[in-house]
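Written out below as structure tokens is the structure these notes cover.
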Amino acid sequence: MATLRIDTPGFIPPPSAGWSRRHGWWATARWRAPWILAALLLPPALALLLAARVPPMHEAEMLLRLDAPQAALAEAALLREQAPRVTDASAGPPRMEILAEGRVLRLVLPHPDARAATAQVEALVRAWLAAREAFWSDAEATRLAARLAALEEELRTTAARLGALDLAQEAAAAIAHRQRLAERLDALAAERAAAMGRLAAAEAALAAQPGRVLGAIERSNAPLVEEPRTLLTRLLAERARMRAQYQRDAPMLTELEARIADARRALSQASSQRVETSREERNPLLDGLAGQAFDARITRDALVQEIAETSRLRAEAEARAAALLAALEPGRERAALAARLAARPVQQAAPVGVPEAASLRPGTTHPGPAWVAAGAGAGLALALLLGALLTRWRTVFLHPAEAERGTGLAGLGAMPARGGAGTPPAIASLAVQLLDSAPPGHAQMVQFLGTATEDGRDAAARALAVELARGHGLSVALIDLDGDGRRHLATLGDPAQPPIPSPEGVFAHATGVPRLWVTYQRREAALMTPHALETGVLHMADRLRTAFDVCVLIGGAGMDHYARRRLSVLVDGNILVVGRGRTRAPAAREMIGQVQAGGGRFFGLFWTEGARAA
């Protein structure tokens, strides 16, 4: 386990940091050694027990001479058919070996009793000779011929019913036709999809087009002044007429003068304006898009009908192909019977040579070695499979490098389960790292966190406190927030001794180690009580920093409430204690995420070799 400095920024172990899947398998195998050993030894032990129940077998054999080598397989099959009638339950299955290119047939029968083995081999050969003679008798030939005639009649009836001259050729043609129809269905489905795509695109484009569009715009330089000029001329003539009849200050003339002024302004405005005329017409794209949608709809409907008809034809082709294939089965039986009847003259004319007595092979055979070898192979495979499954399902850490890779924290050291006399080297190294990383004149507060019970947090924190007090002469306060200080005083001092106030007024128990104090009073428990406000916690932390050079805290096994998360931010840094076989990876990653999300800092992880979890 590589030990890094506490102030190493952004340390994230690379994926190949001393750990691999092979290392995980070996760690799991050592961790679950009894299980792996049981899986390895159980199959061969069972095979050995089964082999002990099987007696050794004697093997009797006879060599049978055949004058028709081409019928060796048929003779062996006929010989095997007679075995259940002449052998007892203790005998093993008979073995037939064809030698000398089919001219010699060796019969081997295993049996626990040597005399029974030879007697049953001879009885088996006699039964074979009798069955051979009965098999090739005239009555058997007549039966086979009748069966052959019935099969031929069945084939003719089936061919007539199906309208096929040659069943084999018709079956091949039906299968080919079925395949062509299947390919045609696939092509039609693709064409239908394309037609539906074209129809959807045409309908979408048609819906997006407006009904009317701008057809033309006409502009003219001649102003529209005819109407204003006519109105002005009429008003001027009316004014001349009224002046001749009324006085100049008459109200009618005053009103008429105002209308003349308005007409002149309208004429002036019309003279400065130009004429612009726009004309709308029906969108010319609508006809083309509507035609495309209509064509696509017709094509789609036609393809749907063609697919339905092709599916019907395919179903008929599949039914015909299945009927023709079923009709071929009697043809195969007919060919086999014809071959047997054709070989009958040869079998009748081919004598066999049989020795007078069976011989007994020297020694005995036993399946025990083969069974034990198979059991050993099965045990090895089972052990490998069990190791792989345990590795896949395992969630606890078994090696410091695995913990570094799984948590993303730097390794600060590893403490063995049972150390020798003196301070463990990892604890001494951790103490030096803490003091080197502390600013001058600043009292360090470090908290040991963990996620499992009995993961070694208390032992690691106590060893660090002893090393800081004894090896570096610092005043150290050991604050156990996961329990109380009695378990530490049982090791370091007398629990019955009353607490003594430090020079700054913090009550703590003195221990057998000079300058090492253990606190477990309720006043110190205010550091993480859910009811304490932040001001009170900060005041208590300042008092502890004033009273001691280093404060070593033992935190709880979770961040289940705000006070714990607040304390993880208040201290100078946290150290995650990972116990071998006890700390689970999901819980450790969850605690790291909760602390870092609240702004807390992790110095790294500290590995402990504790008792293994069941």
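The values are calculated or read from the model by the stated rules, or taken from the named source; none is laboratory data. All values derive from a computational prediction rather than experimental measurement. Here the Cβ positions follow ideal geometry from the backbone for every residue, glycine too, while neighbour counts run over all protein chains shown. Side chains included, ligands, DNA and RNA excluded: accessible areas come from the protein's heavy atoms. Shrake-Rupley method; radii C 1.70, N 1.55, O 1.52, S 1.80 Å.
Is there any pair with a first residue in region 76-87 that is over 12 Å from L109 (Cα atoms) and in contact (Cβ under 8 Å) with a residue 40 or more places away in the chain and a second that is among the charged types (D, E, K, R) and surrounded by 13 or more Cβ atoms within 10 Å (Cβ to Cβ) whose Cβ atoms are under 8 Å apart and which are 6 or more apart or on different chains, and what are they? Pairs found: L78/R132. In this structure, does R314 turn out to be more than 30 Å from Q169 (Cβ to Cβ), among the charged types (D, E, K, R), modelled with pLDDT of 70 or more and open to solvent by 40 Å² or more (accessible area, probe 1.4 Å)? No, not satisfied. Based on this model, can you work out whether D482 counts as out of contact with any Cys (no Cβ under 6 Å at 6 or more places or on another chain), within 22 Å of F397 (Cβ to Cβ) and modelled with pLDDT under 85? Spelling it out, D482 is indeed out of contact with any Cys (no Cβ under 6 Å at 6 or more places or on another chain), within 22 Å of F397 (Cβ to Cβ) and modelled with pLDDT under 85.
Of the numbered criteria (1) touching a strand residue (DSSP E or B) at 6+ places or on another chain (Cβ under 6 Å); (2) at pLDDT below 90; (3) crowded, with 22+ Cβ neighbours inside 10 Å; (4) outside any helix (DSSP H, G or I), the one T451 fails is (1).
In region 210-254, the qualifying residues are those that are at pLDDT 80 or above and β-branched (V, I, T), and the one that is farthest from L285 (Cα to Cα) is T254. For region 547-558, the count of residues that are touching a Ser or Thr at 6+ places or on another chain (Cβ under 6 Å), open to solvent by 10 Å² or more (accessible area, probe 1.4 Å) and outside any loop (DSSP other than H, G, I, E, B) is nonzero. Can you find a residue in region 294-307 that is among the basic types (K, R), farther than 30 Å from A174 by Cβ, out of contact with any strand residue (DSSP E or B) (no Cβ under 7 Å at 6 or more places or on another chain) and touching a residue at least 12 places away in the same chain (Cβ under 8 Å)? The answer is yes, given that some residue of region 294-307 is among the basic types (K, R), farther than 30 Å from A174 by Cβ, out of contact with any strand residue (DSSP E or B) (no Cβ under 7 Å at 6 or more places or on another chain) and touching a residue at least 12 places away in the same chain (Cβ under 8 Å). Among the numbered conditions (1) outside any helix (DSSP H, G or I); (2) at pLDDT 80 or above, the only one that S90 does not meet is (2).
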